[in-house]
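The values are calculated or read from the model by the stated rules, or taken from the named source; none is laboratory data. For clarity, every value in this text was computed on a predicted model and none was experimentally measured. Positions of Cβ are backbone-derived with ideal geometry, glycine not excepted, and every protein chain shown enters the neighbour counts.
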Amino acid sequence: MWHSGVCFKRRYVMVYGIFAFFGICRPFSVDLPAKMERVWLFNVPIKERNVPLLISVIIIIALTGLDQLTKHLATVYLAPVGSMPFIPGVMELRYVLNDGAAFSMLADAEWGRVFLIVVTGLALAALAVYFFWKKPSSWLERWVFILIFSGGLGNLIDRVLNGYVVDFFATTFMNFAVFNVADCFVCVGAALFVIAVLRQELNAKKEQKAGTDENA
C-alpha cells in the first residue's frame, strides 16, 4: 500500500512538473513577481498562456486518443474480415499495416521505420518549440498546430510501439493510398495552414492599402 502511494506521488510530481514547465499550472515556488512570471526557456508570460495552452493540450490528447481508438477498433473488428463497405461507391474500410509514412509512402523500406521515427520526432519537437515561441495570433493558427501535431503524434506512437501504422480508409472511386484518422488530421491541418497564410497576406494588403490612403 505504501509503495503504491509512493508511485502515485512520483507520477503526480512528474506530470505536474511537465505541466508547470509549459506554463499550464503554477510551479510550487516562484521567485519572480507575479507580473514578471516566466516559463523557463520560452520568454512568455504564464498567465497569457494558461487557458489557451491547456485547451490545446486537452484537444491534442482527445484527438490522439480518437486516432488510437479507431486503430484499435480496426484491429479488433476489421482485421478478421479484411475489408467491409463504408460509403458505397466512394470508400470502403480495408485493414492495412503500413510501415511507411503517411498514405503508405516509403512502405516496405528496411530503413524506413527508424528514419520515419527520427524525422517525425524531430518535426514534432520543432513544431512544439515554434508553437510555444511564437504565440498564435488566432485560433485558426492554433488549430493548424493542434491537428498536425495530433496526427503526427498518433502515427509516431504506432511506429514506436508496433513498427507499423494501421490504415483502414480506402477510396473505391479512384486508386489512392489507404490512410487513417491521423493522416486526415495532418491534411486538414495543412489545408488550414494554407488558409491562415492567405488570410495573413490579405490582411497585410488591406493594412498596406489603408496606410497608403491615409498618407494620400
Test: Leu97 is surrounded by 14 or more Cβ atoms within 10 Å (Cβ to Cβ), more than 18 Å from Val186 (Cβ to Cβ) and at pLDDT below 95: yes
Unmet requirement for Cys187, which otherwise passes all of (1) in contact with a strand residue (DSSP E or B) (Cβ under 9 Å, 6 or more places away or on another chain); (2) modelled with pLDDT of 95 or more; (3) surrounded by 21 or more Cβ atoms within 10 Å (Cβ to Cβ): (3)
Flag if Phe145 is in a helix (DSSP H, G or I) and surrounded by 12 or more Cβ atoms within 10 Å (Cβ to Cβ): yes
Residue in the stretch 126-134 that is touching a Lys or Arg at 6+ places or on another chain (Cβ under 6 Å) and at pLDDT below 90 present: no
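Each row is one residue, and each column tells you yes or no for (1) in the same structural domain as Leu78 (by TED's automatic domain parsing); (2) within 23 Å of Pro88 (Cα to Cα); (3) outside any helix (DSSP H, G or I); (4) at pLDDT below 90.
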{"residue": "Ala170", "(1), (2), (3), (4)": "yes, yes, yes, no"}
{"residue": "Met174", "(1), (2), (3), (4)": "yes, yes, yes, no"}
{"residue": "Ala177", "(1), (2), (3), (4)": "yes, yes, yes, yes"}
{"residue": "Leu192", "(1), (2), (3), (4)": "yes, no, no, no"}
{"residue": "Glu201", "(1), (2), (3), (4)": "yes, no, no, yes"}
{"residue": "Ala204", "(1), (2), (3), (4)": "yes, no, no, yes"}
{"residue": "Glu207", "(1), (2), (3), (4)": "yes, no, no, yes"}
{"residue": "Gly211", "(1), (2), (3), (4)": "yes, no, no, yes"}
Options Val90, Val57: the member that is out of contact with any Cys (no Cβ under 9 Å at 6 or more places or on another chain), over 14 Å from Cys184 (Cβ atoms), surrounded by 12 or more Cβ atoms within 10 Å (Cβ to Cβ) and assigned by TED's automatic domain parsing to the domain that holds Leu153: Val57
